[in-house]
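Peer 1: Just dropping this structure here.
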Amino acid sequence: MKFYLIAAVAAMMISGQAVAQHNNFVIKAGVNAYSIYNDNNASADTKIGYHLGLITHIHLAQQFAFQPELVFSTQGTKYSNDGNNVKLNLNYLNVPLLFQYMFDNGFRMQAGPQLGLLVGAKSETNNSSTDVKDNFKPFELAFGIGASYVHPPTGFGVDARYNFGLTNINDTGSVNSYNRGLQVGVFYLFRHGS
């Protein structure tokens with residue numbers, strides 16, 4: 001299943017090369033601040049992680065673009081359980097499909113859906129790690145909204161985005177849980193302005 005998801009995104013990015021008037025390939029990296037929202041109001045703290053990704057930025061018109069991405073993202077949360085501090089580490093391969101409005105000064109607004117593939121899940125308590133991947137659903141759907149700025153002469157930019165989990169990630173129990181997180185990063189557009 002992982003292979004098919006990666007192959008589909010790669011094909012989409014490559015096909016964009018043929019049909020787009022103008023596109024750029026992009027690399028990005030940054031910091032995550034994620035937590036999990038539970039519908040039973042159980043408290044959960046923010047967990048800091050990171051993300052690394054590849055992007056195709058496809059110009060659809062003078063000020064509009066479509067931006068499919070393939071991003072590895074470390075997510076999860078921290079909480080207390082019977083006096084023990086627990087860290088839940090969730091690793092996702094995310095596929096955001098963003099639509100952008102590009103201002104003339106380098107600023108961009110963006111929003112769109114995101115499909116997440118769970119590639120690993122571990123719970124850490126008192127330096128002991130347990131694989132808990134079977135407790136979570138293999139896929140999740142989210143919606144991202146954010147803004148970015150690219151420095152036109154160099155192709156370097158900064159990006160900030162908030163991702164709202166839309167689907168329950170729990171595969172066991174009656175509590176519905178949703179990923180929620182802020183991502184802040186930097187990126188570089190190859191062939192920007194060419």
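The values are calculated or read from the model by the stated rules, or taken from the named source; none is laboratory data. Since we're looking at a predicted model, the values are computed, not measured. Note: ideal-geometry Cβ built from the backbone for every residue, glycine included; neighbour counts use all protein chains shown.
Peer 1: Here's a check for you: in segment 137-152, which residue that is closer than 15 Å to residue 107 by Cβ and in a loop (DSSP other than H, G, I, E, B) is nearest to the chain's Cα centre (by Cα)? Break it down into steps so the answer makes sense when it comes.
Peer 2: Step one: list which residues in segment 137-152 are closer than 15 Å to residue 107 by Cβ, which gives 145-152.
Add one more test, that the residue is in a loop (DSSP other than H, G, I, E, B), and what stays is 151-152.
On the way: 151: 23, 152: 24 Å.
Only one residue tops the list, namely 151.
Peer 1: Still on this structure: From the list 70, 52, which one is modelled with pLDDT of 95 or more, under 11 Å from residue 96 (Cβ atoms), of a type in the set (A, V, I, L, M, F, W, C) and within 11 Å of the chain's Cα centre (by Cα)?
Peer 2: Numbers: 52 fails: under 11 Å from residue 96 (Cβ atoms).
Selected residue: 70, the only one of 70, 52 that is modelled with pLDDT of 95 or more, under 11 Å from residue 96 (Cβ atoms), of a type in the set (A, V, I, L, M, F, W, C) and within 11 Å of the chain's Cα centre (by Cα).
Peer 1: In addition: Read through the list (1) modelled with pLDDT under 95; (2) assigned to a loop (DSSP other than H, G, I, E, B), then give the number of the only condition that residue 129 fails.
Peer 2: Among (1) modelled with pLDDT under 95; (2) assigned to a loop (DSSP other than H, G, I, E, B), residue 129 violates only (2).
Peer 1: Identify the residue in segment 37-52 that is of a type in the set (S, T, N, Q) and either without any contact (Cβ under 8 Å) to a residue 24 or more places away in the chain or assigned to a loop (DSSP other than H, G, I, E, B) (or both) and, among all such residues, is surrounded by the fewest Cβ atoms within 10 Å (Cβ to Cβ). Talk me through it step by step, then tell me what you get.
Peer 2: Restricting attention to segment 37-52, the residues satisfying the condition of being of a type in the set (S, T, N, Q) are 38, 40-41, 43, 46.
Imposing the further condition that a residue be either without any contact (Cβ under 8 Å) to a residue 24 or more places away in the chain or assigned to a loop (DSSP other than H, G, I, E, B) (or both) reduces the set to 40-41, 43, 46.
Working: 40: 9, 41: 7, 43: 9, 46: 16.
In this case the residue turns out to be 41.
Peer 1: From the list 141, 166, exactly one residue is touching a Ser or Thr at 6+ places or on another chain (Cβ under 7 Å) and surrounded by fewer than 15 Cβ atoms within 10 Å (Cβ to Cβ). Which is it? Please lay out each step first, then the result.
Peer 2: Values: 166 fails: touching a Ser or Thr at 6+ places or on another chain (Cβ under 7 Å).
None of the others qualify; the one that does is 141.
Peer 1: Would you say residue 60 is out of contact with any helix residue (DSSP H, G or I) (no Cβ under 9 Å at 6 or more places or on another chain), touching a residue at least 24 places away in the same chain (Cβ under 8 Å) and of a type in the set (A, V, I, L, M)? Before the answer, list the steps.
Peer 2: Working: out of contact with any helix residue (DSSP H, G or I) (no Cβ under 9 Å at 6 or more places or on another chain): yes; touching a residue at least 24 places away in the same chain (Cβ under 8 Å): yes; of a type in the set (A, V, I, L, M): yes.
Spelling it out, residue 60 is indeed out of contact with any helix residue (DSSP H, G or I) (no Cβ under 9 Å at 6 or more places or on another chain), touching a residue at least 24 places away in the same chain (Cβ under 8 Å) and of a type in the set (A, V, I, L, M).
Peer 1: Which residue, of 79, 92, 34, is among the aromatic types (Phe, Trp, Tyr), buried (at least 21 other Cβ atoms within 10 Å of the Cβ) and more than 16 Å from residue 146 (Cα to Cα)?
Peer 2: Numbers: 79 fails: buried (at least 21 other Cβ atoms within 10 Å of the Cβ); 34 fails: more than 16 Å from residue 146 (Cα to Cα).
Sole residue among the options that is among the aromatic types (Phe, Trp, Tyr), buried (at least 21 other Cβ atoms within 10 Å of the Cβ) and more than 16 Å from residue 146 (Cα to Cα): 92.
Peer 1: For residue 134, all conditions in the list (1) within 22 Å of the chain's Cα centre (by Cα); (2) exposed (fewer than 14 other Cβ atoms within 10 Å of the Cβ); (3) assigned to a strand (DSSP E or B); (4) not small (Gly, Ala, Ser) hold save one; what is the number of the exception?
Peer 2: The single condition residue 134 does not satisfy is (3).
Peer 1: Can you work out which of the residues in segment 17-31 that are buried (at least 19 other Cβ atoms within 10 Å of the Cβ) and either farther than 20 Å from residue 142 by Cβ or not small (Gly, Ala, Ser) (or both) is modelled with the highest pLDDT? Walk me through it before giving the result.
Peer 2: The first filter runs over segment 17-31 and keeps only residues buried (at least 19 other Cβ atoms within 10 Å of the Cβ), leaving 23-24, 26, 28, 30.
Now restrict to residues that are either farther than 20 Å from residue 142 by Cβ or not small (Gly, Ala, Ser) (or both): 23-24, 26, 28.
On the way: 23: 81, 24: 84, 26: 94, 28: 97.
My answer is 28.
Peer 1: Then there is this: Just checking, how many residues over segment 147-163 are of a type in the set (Gly, Ala, Ser), surrounded by fewer than 20 Cβ atoms within 10 Å (Cβ to Cβ) and either under 17 Å from residue 98 (Cα atoms) or modelled with pLDDT of 95 or more (or both)?
Peer 2: First, pick out the residues of segment 147-163 that are of a type in the set (Gly, Ala, Ser): 147-148, 155, 157, 160.
If we keep only those that are surrounded by fewer than 20 Cβ atoms within 10 Å (Cβ to Cβ) as well, we get 147, 155, 160.
So of that shortlist, the ones also either under 17 Å from residue 98 (Cα atoms) or modelled with pLDDT of 95 or more (or both) come out as 147, 160.
Of the residues in that region, 2 qualify.
Peer 1: Only residues that are charged (D, E, K, R) and modelled with pLDDT under 95: list them for segment 89-123, please.
Peer 2: At the first step, the residues of segment 89-123 found to be charged (D, E, K, R) are 104, 108, 122.
Residue satisfying the conditions is 104 alone.
Peer 1: Check 83, 120 and return the single one that is closer than 26 Å to residue 54 by Cα and not basic (Lys, Arg).
Peer 2: Numbers: 83 fails: closer than 26 Å to residue 54 by Cα.
Sole residue among the options that is closer than 26 Å to residue 54 by Cα and not basic (Lys, Arg): 120.
Peer 1: Here's a follow-up. Out of 130, 74, 125, report the one residue that is without any contact (Cβ under 8 Å) to a residue 24 or more places away in the chain and of a type in the set (Val, Ile, Thr). Spell out how you get there, then give the answer.
Peer 2: Details: 74 fails: without any contact (Cβ under 8 Å) to a residue 24 or more places away in the chain; 125 fails: without any contact (Cβ under 8 Å) to a residue 24 or more places away in the chain.
It is 130.
Peer 1: May I pose another question? Conditions: (1) in contact with a helix residue (DSSP H, G or I) (Cβ under 9 Å, 6 or more places away or on another chain); (2) under 22 Å from residue 70 (Cα atoms); (3) among the charged types (D, E, K, R). Residue 171 meets all but one. Number of the miss?
Peer 2: (2)
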